[in-house]
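Below: one structure, written as structure tokens.
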Amino acid sequence: MMRIMVQWVQSKWLGVVVAALLLMQVPVAAQGPNTLRGRVVDELARPVSFAQIEVRPANRRLIADANGEFTITALADGDYEVRVRRIGYSPANVALRIPHNEAVLLITMASLPQVLDSVRIRERAVALRYTGVVVDDFDQPVVGAEVIAAGAADHDVRTDSAGHFRLAKAQRGTIVLRIRKFGYTPYFGSLSLRTEREDTIRVKRHAQDLPEAYIRAESGFGRDTFAYIELDSRMRWKASNAGIASREDLDAFGDMDLCQALIRTPAGAKREMRSQMCPYEACVLIDGLRPIYTTLGSFMASEVEAVELHPRDQTGTIANRIGRMCGAFRGMSRNAGGVVLWLRKRTP
């Protein structure tokens, strides 16, 4: 009887131990969401700023920051391919499994040699000095505002203690200008620079009792920042026959339809625009972000701040925006050109 009892106790404890071991062996696998952190560098380990990141098959797209760093959240477990693109570098593709073992995914891009076109001769643009003063709605100087001229060689330009700024390397032609400072409504405008000039630019101060996140977004530090980064890239890499029409070019035509007005501007003449083109619809990119299928004649010249006319887009930003949202253009070339309209902002 004692032997039977001992065997029963041993059997019972054995079952408990086996069950415990089985529970310990069950893997607690992360089923997502997971976060992927990465950094894009060149072959000398220097950061590659504002690289375009695409994750497949998740169909996630974003742009790395100035330090080449990026973060992608809410990724389920599985196999992915990270595709990285940047002007001046060979594309980089990285296959990985999520969850990723390393804390930071390091992606190296090889820079391309800058080879001059042997058959194209370009006239050297003449740099002019453009100065301005930024004041608020009480005519007080706005100090430390960031001044960005899309595609210009001037960097890190900010207003001084009197609200003044200077672009010493501005090129003759159309300037697209963006001014922003936390706590103020951002300024976006265009002008035609033919001689040295100075302008007064007004921005509106935000109420101080608003939430900080709202003030940040309304001060020009929101998601639309990417649109202006892409604008800067297009202006830097625009083809010699690209046309950029400014607000001052269009002011002379008032409420004339935009297509007819563009024909009469230097930008339209450069692109050899004709009236016969006006009735045709096309996918137009509005404010660098929103594609719509329409005719240029559906806008009035007085509604538009600036127009980009690109026969070919070396940055691929137009095809990226249009190809994802205009179904008829999904098979377009990455370097295909297009039209970008920047609408006028209401005066604060």
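The values are calculated or read from the model by the stated rules, or taken from the named source; none is laboratory data. Just so it is clear, the structure is predicted and the values come from calculations on it, not from any experiment. Reconstructed Cβ throughout: ideal geometry from the backbone, glycine too, with neighbour counts over all protein chains shown. Surface accessibility is based on the protein's heavy atoms, side chains included, excluding ligands, DNA and RNA. Shrake-Rupley method; radii C 1.70, N 1.55, O 1.52, S 1.80 Å.
Here are the numbers for this structure:
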{"read-out": "Residue-count net charge about Val157 - beta-carbon cut-off 15 Å; Lys, Arg +1, Asp, Glu -1", "value": "0"}
{"read-out": "Interchain or long-range residues, amide H under 5 Å from Glu305's placed H", "value": "Trp342, Leu343, Arg344"}
{"read-out": "Note, ³J(HN,Hα) from phi for the range 71-76, Karplus 6.51, -1.76, 1.60, rounded to Hz, x at Gly and Pro", "value": "9, 10, 9, 6, 9, 6"}
{"read-out": "Candidate lysines for bridging to Lys204, where Cα separation is under 23 Å - those fewer than 8 sequence places away on the same chain excluded", "value": "Lys181, Lys345"}
{"read-out": "GluC sites (Glu not before Pro) restricted to DSSP loop in the range 119-212 with at most 16 other C-beta within 10 Å", "value": "Glu123, Glu196"}
{"read-out": "Simple label model, 7 Å out from Cα along Cβ direction - Leu343 to Asp257, nm", "value": "1.9"}
{"read-out": "Set of lysines near Lys270 by C-alpha distance (under 23 Å), chain-local residues within fewer than 8 positions excluded", "value": "Lys238"}
{"read-out": "Under-5 Å amide H pairs with Asp154, H placed in peptide plane, nonlocal only", "value": "Lys169"}
{"read-out": "Phi to ³J(HN,Hα) by Karplus 6.51 cos²θ - 1.76 cosθ + 1.60 over the range 205-210, Hz, x for Gly, Pro", "value": "7, 6, 5, 6, 8, 7"}
{"read-out": "Rounded accessible area of His164 (nearest 10 Å², 1.4 Å probe)", "value": "80"}
{"read-out": "Loop sites in the range 205-303: trypsin sites (Lys or Arg not before Pro), DSSP, at most 13 other Cβ within 10 Å", "value": "Arg223, Arg274"}
{"read-out": "Additional length obtainable on full extension of the chain from Ala213 to Ala45, 0.36 nm per residue less Cα span", "value": "57.1 nm"}
{"read-out": "Gain upon complete extension [Glu69, Asp224; 0.36 nm per residue less C-alpha separation]", "value": "53.9 nm"}
{"read-out": "All aspartates and glutamates inside 12 Å of Lys169 as judged from Cα atoms, apart from same-chain residues fewer than 8 positions distant", "value": "Asp154, Glu196"}
{"read-out": "Distribution of pairwise C-alpha distances over the range 48-104, 5 Å bins, in %", "value": "5, 17, 29, 27, 16, 5, 1"}
{"read-out": "Karplus (6.51, -1.76, 1.60) ³J(HN,Hα), θ = phi - 60°, over the range 258-266, in Hz, Gly and Pro reported as x", "value": "4, 4, 5, 5, 4, 4, 8, 9, x"}
{"read-out": "Gain upon complete extension [Val104, Arg290; 0.36 nm per residue less C-alpha separation]", "value": "63.7 nm"}
{"read-out": "Alpha-carbon centroids, the range 44-108 and the range 135-152: separation in whole Å", "value": "34"}
{"read-out": "Relative contact order [Cα under 8 Å, 6+ residues apart], the range 190-348, whole percent", "value": "25"}
{"read-out": "Low-density loop positions, chymotrypsin sites (Phe, Trp or Tyr not before Pro), the range 203-268 - DSSP coil, at most 13 other Cβ in 10 Å", "value": "none"}
